[in-house]
Amino acid sequence: MAAPKTREWQSTVSVWNVDDLDAADRELLREAHEAASKAYAPYSQFLVGGAVRLDNGVVVRGSNQENMAYPSGMCGERVAVFAAGAQHPGAVMQSVAIVSPSANAIAEAFMPCGGCRQVLVEAERRQGTPVRILLQVRDEEVAVSESALNLMPFAFEAHGLGS
Ligand code: THU
């Protein structure tokens with residue numbers, strides 16, 4: 001039997017000590033933490049905050065919002081990205097910080113779920129420039145991805161939809 005062809009996906013993030021990031025990035029992480037403190041997560045107790053920096057200088061925050069009907073809830077970073085789109089249509093999302101103060105205790109590292117990656121990839125495709133993503137993986141450690149697509153191997157992209 002013939003061997004199948006393979007397709008590979010290379011994905012790299014840089015890992016920083018938070019103190020080595022520039023002031024704007026540290027500020028965005030602080031905004032995301034502030035957002036996480038306003039999460040509504042009575043069912044999971046897992047708090048997530050997101051902060052989106054737009055090219056018009058505005059920072060839009062979001063936090064996870066759970067619901068008794070579980071699937072009706074929404075992830076924190078997606079709330080932030082959708083709020084940015086709703087309040088500032090056409091503004092370019094330059095960076096998104098995503099944090100979870102709950103992650104140290106129960107997860108090795110906090111990374112956004114697949115659905116949120118898909119949403120970030122679409123924001124990037126729509127605006128035509130990369131969205132930088134800052135992920136606070138531990139108290140002192142921040143992973144930086146230079147684009148959303150870098151975190152989403154083989155993303156769904158249907159160019160013909162809607163046309
Ligand atoms: N959650 C997020 O806010 N972002 C993610 O990327 C993964 C999960 C939230 C959803 C739910 O409120 C809680 O974390 C537990 O899954």
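The values are calculated or read from the model by the stated rules, or taken from the named source; none is laboratory data. Keep in mind the model is a prediction, meaning the values are calculated, not measured. Methodologically, a virtual Cβ is constructed for each residue, glycine included, from the backbone with ideal geometry; neighbour enumeration extends over all protein chains shown. Please note that ligands, DNA and RNA were not included when accessible areas were found on the heavy atoms of the full protein model with its side chains. Shrake-Rupley method; radii C 1.70, N 1.55, O 1.52, S 1.80 Å.
Filtering region 15-24 to residues that are among the hydrophobic types (A, V, I, L, M, F, W, C) and part of a loop (DSSP other than H, G, I, E, B) leaves only L21.
Can you tell me how many residues in region 1-26 are within 21 Å of A80 (Cα to Cα), more than 16 Å from the chain's Cα centre (by Cα) and of a type in the set (D, E, K, R)? Residues meeting the conditions: 0. The single condition among (1) touching a helix residue (DSSP H, G or I) at 6+ places or on another chain (Cβ under 8 Å); (2) in contact (Cβ under 8 Å) with a residue 60 or more places away in the chain that A143 does not satisfy is (1). Scoring G160 on the criteria (1) open to solvent by 80 Å² or more (accessible area, probe 1.4 Å); (2) out of contact with any strand residue (DSSP E or B) (no Cβ under 8 Å at 6 or more places or on another chain) leaves a single failure, condition (1). The set of residues in region 104-121 that are assigned to a helix (DSSP H, G or I), more than 11 Å from the ligand (Cβ to nearest atom) and modelled with pLDDT under 95 comprises N104, A105. Residues that are under 17 Å from the mean Cα position of the chain (by Cα), under 25 Å from R126 (Cα atoms), away from the ligand (no atom under 16 Å from the Cβ) and of a type in the set (G, A, S) do occur in region 71-85.
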